[in-house]
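J.: So that we are looking at the same thing, I have put the structure below in structure tokens.
The values are calculated or read from the model by the stated rules, or taken from the named source; none is laboratory data. What you are looking at is a predicted structure, and each value in this text was computed from that prediction instead of being measured. Virtual Cβ from ideal backbone geometry, glycine too; neighbours counted across all protein chains shown. Side chains are part of the model used for accessible areas, which takes the heavy atoms of the whole protein and leaves out ligands, DNA and RNA. Shrake-Rupley method; radii C 1.70, N 1.55, O 1.52, S 1.80 Å.
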Amino acid sequence: MTKSYTTRVGGGPLPTEILDTQSAVYEQFGEVAATTGRIRRVGWLDLEIVRTAVELSGVTELCLTKLDVLSGLDEVQVCMGYKLDGKDIRYADVDAYGLDKVELVYKKFKGWKQDISKARTFDELPQEAKDYVTMIEESAGAPVKWIGVGPEREATIRR
């Protein structure tokens with residue numbers, strides 16, 4: 001399972017963290033941890049971490065949650081990988097201290113304005129949302145079989 005963007009509670013590295021707490025994107029991604037009540041730190045999707053988790057855990061299918069949270073954005077950024085000292089590196093190649101030093105390789109994708117919370121099939125999603133899901137599948141190396149498009153249990157697309 002992965003969210004359509006990245007979150008974390010507490011300290012430690014979050015390479016794609018959005019530091020501008022006054023930005024519209026930060027406000028849109030904002031979450032509060034259910035157990036602790038702490039505000040989650042938020043960032044753009046870090047596909048390097050997703051790809052590493054898929055490879056190390058033997059994941060064969062993904063569940064992508066909170067795709068609806070990206071609705072309304074003109075553009076969506078995704079971290080496609082890391083560089084350190086000008087060289088491509090993998091998440092597993094660095095420790096927590098090294099993550100603070102990596103250069104993030106971002107790719108921008110066109111966003112979508114439509115409310116997708118009522119979509120129940122992949123074909124009902126706007127093309128930009130479908131492109132986002134397909135890009136995640138291709139980059140992570142595992143198909144996205146479930147897509148969360150809203151907070152309700154039934155707001156899930158099964159592929």
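J.: Given H placed on each backbone N at 1.01 Å, which residues far from I18 in sequence or on other chains put an amide H within less than 5 Å of it?
T.: Under 5 Å from the amide H of I18: V42, G43, W44.
J.: Let me ask something else. For the range 74-152, report the translational diffusion coefficient in µm²/s to the nearest whole number, using Stokes-Einstein at 10 °C, 1.306 mPa s, and a Kirkwood Rh over Cα pairs.
T.: Taking Rh from Cα pairs, D becomes 108 µm²/s.
J.: Using the Karplus curve 6.51 cos²θ - 1.76 cosθ + 1.60 with θ = phi - 60°, what ³J(HN,Hα) values do you get for each residue of the range 111-119, in whole Hz, with x for Gly and Pro?
T.: Residue by residue, the range 111-119 yields x, 9, 9, 5, 6, 9, 5, 9, 5 Hz.
J.: On the accessible surface of the chain, probed at 1.4 Å, how many percent belong to carbon and sulfur atoms?
T.: That share works out to 50 percent.
J.: Express the accessible area of the range 3-153 per residue in Å², computed with a 1.4 Å probe while the remaining protein chains stay in the model.
T.: With the other protein chains kept in place, the range 3-153 gives 54 Å² per residue.
J.: Here is a follow-up. Find which of V105, M135, F122 sits farthest along the positive direction of the dipole of the range 61-159, computed with +1 on the beta-carbon of Lys and Arg, -1 on that of Asp and Glu, about the Cα centre.
T.: F122
J.: Sketch the reach of a paramagnetic label on Y97 as a point 7 Å from Cα along Cα-to-Cβ, and name the residues of the range 2-46 whose backbone nitrogen lies under 12 Å away.
T.: Flagged as within label range: none.
J.: Which value, in debye to the nearest 20, gives the size of the charge dipole of the chain about its Cα centre, when Lys and Arg are +1 and Asp and Glu are -1 at the Cβ?
T.: The dipole magnitude comes to about 320 debye.
J.: Shifting gears a bit: Taking only C-alpha pairs under 8 Å that are 6+ residues apart, what is the relative contact order of the chain in percent?
T.: Once divided by the residue count of the chain, the mean separation gives 25 percent.
J.: Project the alpha carbons of the range 32-113 onto their principal axes and report the range along each, largest first, in whole Å.
T.: Projected onto its principal axes, the Cα set of the range 32-113 covers 37, 33, 29 Å.
J.: Per 0.36 nm of contour for each residue apart, how much would the distance between V105 and D131 grow if the chain were fully extended, relative to their Cα-Cα spacing?
T.: Full-extension gain reported as 7.5 nm.
J.: A 24 angstrom limit on the alpha carbon distance is what I want to check against. Which of K3/K87; K66/K118; K66/K101; K87/K107; K101/K130; K87/K130 exceed it?
T.: As for pairs spanning more than 24 Å Cα to Cα, those are K3/K87; K66/K101; K101/K130; K87/K130.
J.: Step through the residues of the range 143-159 one at a time and calculate ³J(HN,Hα) from phi using the Karplus curve (6.51 cos²θ - 1.76 cosθ + 1.60, θ = phi - 60°), rounding each to whole Hz and writing x for Gly and Pro.
T.: Each residue's phi maps through the Karplus curve to give x, 8, 9, 9, 10, x, 10, x, x, 6, 4, 6, 7, 9, 8, 10, 10 Hz.
J.: Write down the Kirkwood hydrodynamic radius of the chain, to one decimal in angstroms, obtained as one divided by the mean of 1/r over all alpha carbon pairs.
T.: It works out to 16.3 Å.
J.: How far is helix 127-140 tilted, in degrees, relative to the longest principal axis of the Cα atoms in the chain, given as a value from 0 to 90 rounded to the nearest 10?
T.: 40 degrees
J.: Three principal axis extents, largest first, for the C-alpha atoms of the range 1-55, in Å?
T.: Dimensions of the range 1-55 along the principal axes of its Cα atoms: 34, 25, 19 Å.
J.: Further question on the same structure: Going by amide H atoms built from the backbone, whose H comes under 5 Å of the H on T65, apart from near neighbours?
T.: T2, K3, S4, G148
J.: To check you understand DSSP bridge types, tell me what percent of the beta bridges within the chain (both residues inside) are antiparallel, rounded to 5.
T.: Of all bridge pairs located within the chain, approximately 75 percent are antiparallel.
J.: Any idea how far apart D88 and S23 come out in nm if each label point goes 7 Å out from Cα toward Cβ?
T.: 2.6 nm
J.: Lys/Arg Cβ at +1, Asp/Glu Cβ at -1, dipole of the chain taken about the Cα centre: which of T52, V32, T7 is farthest positive-ward?
T.: The listed residue farthest towards the positive side: V32.
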